[in-house]
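Asks: Before we start, here is the structure in question, set down as C-alpha cells.
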Amino acid sequence: MKFSYNWIKELVPELSAAPKELERLITMKTAESEGLEETGALLAGACLARVVSAEAIEGTHNQTALVETERYGTKTVVCGAPNCRAGLVTVYVPLGRKTINGIESDGMLASGAELGINRDHHGIIEINGASERALAGCAPDTIIEIDNKSLTHRPDLWGHFGMAREAAAVAGGSLQDPCDFTLLPTGPAPVQIAIEDLDLCPRYSALVVENIKIGPSPLWLQYRLESIGLNPISNVVDATNFVMAELAQPMHAFDADKLQGDTIFIRPARDGETLVALDGETYTLNPANLVIADAGGPIALAGVIGGLHSSITESTTRIVLESANFQAANIRKTSTRLKIRTDASMRYEKAQDPINTVRGLARAVALLHDVSPGIRIAGGVVEQKKEIPAPAPITLPMDWLLRKLGCVVTQAEVVRILTALDFSVAETAPGVLSVRVPSWRATKDVSIKEDLVEEVGRMIGYDNIVPAAPLLPVTTPPPSPERLFHRSVRALVAAQGFNEVYNYSFLSEDAVRDFDWTPEQHVRVANPISSEQGLMRLSLLPGIRKNVLDNSKHSDDFRLFEIGREIHKRPEGLPEEITHLAAAVYSRSGDGEAGAPGLFELKRVVECLMPGAELAPAAARPFEHPARAAEVLWRGETLGRLFEFHPAMVEGRCAVLDIDLDAMRRMQPETAKYKPVQRFPSSSFDLSVIIGLREHLGGIEKMLRGFVGGPLESLVFLRQYIGPQIPEGKQSVSFRLTVAAPDRTLSSEEVGTIRARIIDGMQTAGYELRV
C-alpha cells in the first residue's frame, strides 16, 4: 500500500516531521513500512511552455523547437515527440544543454511518463488552454510504502485520511476533514434502492449527477493517482479512485442512460446469471455472489468489479455514483472463487465503516465540480441501510492496564493518547475510564479492553517497555507419541542415506490420470491456487514421481523419501487423513543401486522399520513394473508395497516403498521385551540352492528356517549367481545361516546334524544344493 507524503501533509497541515522521520514513526507505532520512494523529481523545475515553431531535422525523426517558457524565457529544444508542433502548450524541464543531431538543445519537453504524471510516453504533454494553474499540485513527492499484511486489521488505514489521522497522532498536528456535506442537496432522487439482504449489504448510498463531460483529469489528479500506483483513466473514474485512495471508501460510477428502470437492486445473483465485467471477461455467477442489478440483470459484481455494459464512456453525460458497504466475508469469497482481485475488493474484505458511504459521496461531488465544471446534482442522496447500534463503551481500569502494559503511565497520558486517536474517553470512577470506540475502528478491530492496551502501548513505544518474563507457572507439554514416532522413522530412513523431500498436498488432474486414477476419487479443492493444484492427494506417489523426474535432470543416482498425509474421501464428514512413508531409489542406467540392489535397499529399510516383515508377490498396478511388485506384510497385516515404477513412468529404474505409518505405529509393541546378550559362541555355514530364475527368495527362506528349527540365530542372503556350471534357466542363490543355543555351545556334530537336515529337507522338496 502506497501513501503520498504530500497528500498526508495536505490533510495534516501542521505536520512537521520529514518523510524519513514520519516513516520511522509509522513503522514503530502503526504499521511496518517497506521503504521510501521518490517520485516526480523533474517537476521541481518544470514549467509551462508554448511551442513557437517546430522544424524537422533532416534525416532524423527529431525537430528543432523554439519554445517560450513561463520561468526561463525562450529556449531551443531538440524534441523527438511526434506531437510536437507550433502552438502546443506543454511542459518544459531545464535539464541543461546537450548537443543532439549537431544542434545545441537547452532542456527538454517532457511526456507524462517522464514527469511521473501518467503512463503516456508516446508524446509530450498537451495542455488544453494556457492555464497558469495546469501544473498546480504537481511537485516532487515521497511515497511511503506500507506492508499490506500489517494493515489487515485496520480498514481505515487503506486510505490516506486514516493514515493522516495516525500521522497526526504519532507526529503531532490536527487532522482536516476533506468532506464538505453542504455539497449534498436534499430532495427526491431519480433512482431508487432495493437491498434484498441487509446483512450482505448494510448500506447503499447513491447520487445522480448530470451534465457530466468525460475527458482527461487535471494533471494534479493524474499525478496524485499515478504516484500511488493507480492508472489515470478519465476524470469521473479518477475521481472515484481518488475517493477510494483518500477515504478507503471504494466507489463506482454507472452511466445512468444505460441502466434499465429506475431501481438499483442489490441482491444475490441468480444461478447461471452472467456478467461481462470491465476487464472484458464473462463471469458465470451463483447465489453466493452479490450483484448490483437493474431491471435487465447484473450491472456489477458487488464490491469487486463493475460491468462493461454500464461503464463510463466518452459519450456519458449522466452518471449514478455508487457508495456502498458490503459484508467482508462475502466479498472475500466471491473474489477468491472468481479469481478477481481489485483495489475495491481488497478494501471491502477488510470490513469497511458503513458511515463512510455518504462521506464518499460528499468528497466525490467536490472533486467532480473541479474535474468537470458545470455538473448538476439531480435530486438528493438516495440510500437504504441497516441500523447498526453503536458499540457499548469499553471499561478500562487503570490498575489493570498498567499490569498488562508492564510500564508506568499516568491516567492523563492514557486519556491524551486515546483522544489523539479519536476515541471518546470519560472517567466513570476513580481510576476507571469508559472508552467509546470510533466507528472506523469498530469493524472487527477494537472491541475489548485488551485492544486498548495495544493502542496505548504502541503510542508509548514498545521500545520503551522493559521486556520481562511473564510471572506464570510454565509446564512442559506432554510429548506427542505420533510426533516422536515420525521423528524416529525420519531419522532411521535418513541414516540409510535418503534425503527428505516435502511436497504440496495438491495434485493436478493430469498427475492423477498418469497413475490410472480418476479425479472423482479425490477431494476437490474449492478454490485452488492454480489449475495444477485442484485435487487433494490420495497418495504420496505422484509427488515422489515428480521429485524423481525433476532430480533425474541433474543426477544419475539418488535416493529420497517423504513423510506426509494421504487425503481419502468419506461418505460423510471430513476426509480421512492417513500418514504414509514413501521412499525411492533411482538409477538412470538401471545398473546402479536402483536395479535389483535398489529393491534390496528398500527391503532393508523395511526390515529396519519392522523387524520380521515379509514381502509377498502381488499383482502389479498400472504404474508398477509387471514383474517387480510386492506387498509388505507385518504381523499378519498388509502395511504397504515395494515395487518399481513402470518404465513408461520413469526413464531408468526407480524402486519405490510405500508404507502406512499410522497402521505401523498402531501395531508397534507397547513395551520392548528384554533379550539377553548371547553368552555362547555361534556357528555359521553357507548353503547354495539351485532355483528357477523367477522363483521368489522369500519362499526359499521360509523353507530353510523351517528345516533349521529352534537354534537359528540369523539367515542372511549372500549372493546370486548365473553362469557356467549352473543349468540353463536356473540360478544359484547363497545364504549364510548362523545357529546358536542360549545355554551352551553347539558341538560340531550338532551343527553338522542341522546342516544335513536342511540339505535333506531341500532335496526332498525337489531342490538341488551346491555344497
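Asks: Taking only pairs six or more apart or across chains, which ones have beta-carbon atoms under 6 Å, a first residue in the stretch 545-556 that is touching a residue at least 12 places away in the same chain (Cβ under 8 Å), and a second residue that is open to solvent by 70 Å² or more (accessible area, probe 1.4 Å) and among the charged types (D, E, K, R)?
Replies: ASP556/ARG588
Asks: Filter the stretch 1-56 down to the residues that are in a helix (DSSP H, G or I), among the hydrophobic types (A, V, I, L, M, F, W, C) and surrounded by fewer than 20 Cβ atoms within 10 Å (Cβ to Cβ) and list them by number. Full working, then the answer.
Replies: Taking the stretch 1-56 first, the residues in a helix (DSSP H, G or I) are 5-11, 19-29, 41-44.
Imposing the further condition that a residue be among the hydrophobic types (A, V, I, L, M, F, W, C) reduces the set to 7-8, 11, 22, 25-26, 28, 41-44.
Within the stretch 1-56, LEU25, MET28, ALA41, LEU42, ALA44 meet the criteria.
Asks: Only residues that are within 38 Å of the chain's Cα centre (by Cα), closer than 20 Å to THR240 by Cα and not aliphatic (A, V, I, L, M): list them for the stretch 368-404, please.
Replies: The answer is GLU383, and nothing else.
Asks: Continuing with this model, one more query. State all residues of the stretch 515-534 that are acidic (Asp, Glu) and either within 24 Å of PRO647 (Cα to Cα) or surrounded by 14 or more Cβ atoms within 10 Å (Cβ to Cβ) (or both); if no residue qualifies, say none. Please lay out each step first, then the result.
Replies: Going through the stretch 515-534, the residues acidic (Asp, Glu) turn out to be 516, 520, 532.
Result: ASP516, GLU532.
Asks: In the stretch 595-647, what residues are in a strand (DSSP E or B), closer than 19 Å to VAL489 by Cβ and of a type in the set (D, E, K, R)?
Replies: GLU637, ARG641
Asks: For the subset of the stretch 481-514 comprising residues that are part of a loop (DSSP other than H, G, I, E, B) and more than 29 Å from the chain's Cα centre (by Cα), which member is surrounded by the most Cβ atoms within 10 Å (Cβ to Cβ)? Even if it seems obvious, please write down each step before you answer.
Replies: Looking only at the stretch 481-514, we keep the residues that are part of a loop (DSSP other than H, G, I, E, B), and these are 496-498, 501-505, 508.
Narrowing further to those that are more than 29 Å from the chain's Cα centre (by Cα): 496-498.
Values: GLN496: 15, GLY497: 11, PHE498: 21.
So, considering only residues that are part of a loop (DSSP other than H, G, I, E, B) and more than 29 Å from the chain's Cα centre (by Cα), the one surrounded by the most Cβ atoms within 10 Å (Cβ to Cβ) is PHE498.
Asks: What's the total number of residues in the stretch 515-541 that are part of a helix (DSSP H, G or I) and more than 11 Å from ILE567 (Cα to Cα)? Write out each step before concluding.
Replies: Looking only at the stretch 515-541, we keep the residues that are part of a helix (DSSP H, G or I), and these are 519-521, 531-533, 541.
Within this subset, residues satisfying the condition of being more than 11 Å from ILE567 (Cα to Cα) are 519-520, 531-533, 541.
Count: 6.
Asks: Have a look at PRO617, PRO528 and point out the one that is over 25 Å from the mean Cα position of the chain (by Cα) and more than 17 Å from PHE515 (Cα to Cα). Don't jump to the end; show me each part of the working.
Replies: Details: PRO528 fails: over 25 Å from the mean Cα position of the chain (by Cα).
Exactly one of PRO617, PRO528 is over 25 Å from the mean Cα position of the chain (by Cα) and more than 17 Å from PHE515 (Cα to Cα), namely PRO617.
Asks: Among the candidates SER310, SER335, SER345, single out the residue that is under 12 Å from LEU259 (Cβ atoms), open to solvent by less than 20 Å² (accessible area, probe 1.4 Å) and polar (S, T, N, Q). Don't jump to the end; show me each part of the working.
Replies: On the way: SER335 fails: under 12 Å from LEU259 (Cβ atoms); SER345 fails: under 12 Å from LEU259 (Cβ atoms).
Residue meeting the stated conditions: SER310.
Asks: For the stretch 81-93, does any single residue satisfy the condition of being closer than 18 Å to LEU135 by Cα and either open to solvent by 50 Å² or more (accessible area, probe 1.4 Å) or outside any strand (DSSP E or B) (or both)? Steps first, answer last, please.
Replies: Of all residues in the stretch 81-93, those closer than 18 Å to LEU135 by Cα come to 88-93.
Checking the rest, the ones that are also either open to solvent by 50 Å² or more (accessible area, probe 1.4 Å) or outside any strand (DSSP E or B) (or both) come to 88.
Scanning the stretch 81-93, I find at least one residue that is closer than 18 Å to LEU135 by Cα and either open to solvent by 50 Å² or more (accessible area, probe 1.4 Å) or outside any strand (DSSP E or B) (or both), so the answer is yes.
Asks: In this structure, is ALA139 open to solvent by 20 Å² or more (accessible area, probe 1.4 Å) and either out of contact with any strand residue (DSSP E or B) (no Cβ under 7 Å at 6 or more places or on another chain) or among the hydrophobic types (A, V, I, L, M, F, W, C) (or both)?
Replies: Details: open to solvent by 20 Å² or more (accessible area, probe 1.4 Å): yes; either out of contact with any strand residue (DSSP E or B) (no Cβ under 7 Å at 6 or more places or on another chain) or among the hydrophobic types (A, V, I, L, M, F, W, C) (or both): yes.
Yes: the conditions hold for ALA139.
Asks: Would you confirm whether or not the stretch 201-208 contains a residue that is assigned to a loop (DSSP other than H, G, I, E, B) and either crowded, with 18+ Cβ neighbours inside 10 Å or touching a residue at least 40 places away in the same chain (Cβ under 8 Å) (or both)?
Replies: Going through the stretch 201-208, the residues assigned to a loop (DSSP other than H, G, I, E, B) turn out to be 201-202.
Pick out the ones that are also either crowded, with 18+ Cβ neighbours inside 10 Å or touching a residue at least 40 places away in the same chain (Cβ under 8 Å) (or both) and you get 201-202.
For the stretch 201-208, residues assigned to a loop (DSSP other than H, G, I, E, B) and either crowded, with 18+ Cβ neighbours inside 10 Å or touching a residue at least 40 places away in the same chain (Cβ under 8 Å) (or both): present.
Asks: Has the stretch 402-416 got at least one residue that is in contact with a strand residue (DSSP E or B) (Cβ under 6 Å, 6 or more places away or on another chain), in a helix (DSSP H, G or I) and of a type in the set (Val, Ile, Thr)?
Replies: Going through the stretch 402-416, the residues in contact with a strand residue (DSSP E or B) (Cβ under 6 Å, 6 or more places away or on another chain) turn out to be 415.
Now narrow it down to the ones that are in a helix (DSSP H, G or I): 415.
Those left that are additionally of a type in the set (Val, Ile, Thr): 415.
So far as the stretch 402-416 goes, yes, one or more of its residues are in contact with a strand residue (DSSP E or B) (Cβ under 6 Å, 6 or more places away or on another chain), in a helix (DSSP H, G or I) and of a type in the set (Val, Ile, Thr).
Asks: Another question, if that's okay. What tally of residues in the stretch 120-130 results from selecting those that are surrounded by 13 or more Cβ atoms within 10 Å (Cβ to Cβ) and farther than 20 Å from HIS61 by Cβ?
Replies: So in the stretch 120-130, the residues surrounded by 13 or more Cβ atoms within 10 Å (Cβ to Cβ) come out as 120, 123-127.
If we keep only those that are farther than 20 Å from HIS61 by Cβ as well, we get 127.
Matching residues across the stretch 120-130 total 1.
Asks: Give me the pairs: first residue in the stretch 153-164 and within 21 Å of ASP451 (Cβ to Cβ), second residue polar (S, T, N, Q), beta-carbon distance under 6 Å, and six or more apart or on different chains, which are they?
Replies: Pairs found: PRO155/GLN352; PRO155/THR443.
Asks: Now for a separate question. Considering only residues that are charged (D, E, K, R) and either without any contact (Cβ under 8 Å) to a residue 40 or more places away in the chain or open to solvent by 70 Å² or more (accessible area, probe 1.4 Å) (or both), which ones fall in the stretch 678-717? Before you say what the answer is, go through the steps one by one.
Replies: First, the residues of the stretch 678-717 that are charged (D, E, K, R): 679, 686, 694-695, 701-702, 705, 713.
Result: ARG679, ARG694, GLU695, GLU701, LYS702, ARG705, GLU713.
Asks: Further question: Looking only at residues that are of a type in the set (A, V, I, L, M) and at pLDDT below 95 in the stretch 402-416, which one is most open to solvent (accessible area, probe 1.4 Å)? Spell out how you get there, then give the answer.
Replies: Going residue by residue through the stretch 402-416, those that are of a type in the set (A, V, I, L, M) are 402, 405, 408-409, 412, 414-415.
When the remaining residues are screened for being at pLDDT below 95, the result is 402, 405, 408-409.
Details: LEU402: 60, LEU405: 16, VAL408: 142, VAL409: 14 Å².
Among those residues, the one meeting the criterion is VAL408.
Asks: Filter the stretch 460-476 for residues that are assigned to a loop (DSSP other than H, G, I, E, B) and open to solvent by 100 Å² or more (accessible area, probe 1.4 Å); which is nearest to ALA412 (Cα to Cα)?
Replies: Residues of the stretch 460-476 that are assigned to a loop (DSSP other than H, G, I, E, B), as a first pass: 461, 465-476.
Now drop any that are not open to solvent by 100 Å² or more (accessible area, probe 1.4 Å), which leaves 466-467, 471-476.
Values: VAL466: 21, PRO467: 24, LEU471: 28, LEU472: 30, PRO473: 34, VAL474: 36, THR475: 39, THR476: 42 Å.
Only one residue fits best here, namely VAL466.
The values are calculated or read from the model by the stated rules, or taken from the named source; none is laboratory data. Everything numeric in this text was worked out from a predicted model, so none of it was measured. Don't worry about glycine lacking a Cβ; one is built from the backbone with ideal geometry, like all the others, and counts go over all protein chains shown. Note: accessible area is taken over every heavy atom of the protein model, side chains too, but ligands, DNA and RNA are not part of it. Shrake-Rupley method; radii C 1.70, N 1.55, O 1.52, S 1.80 Å.
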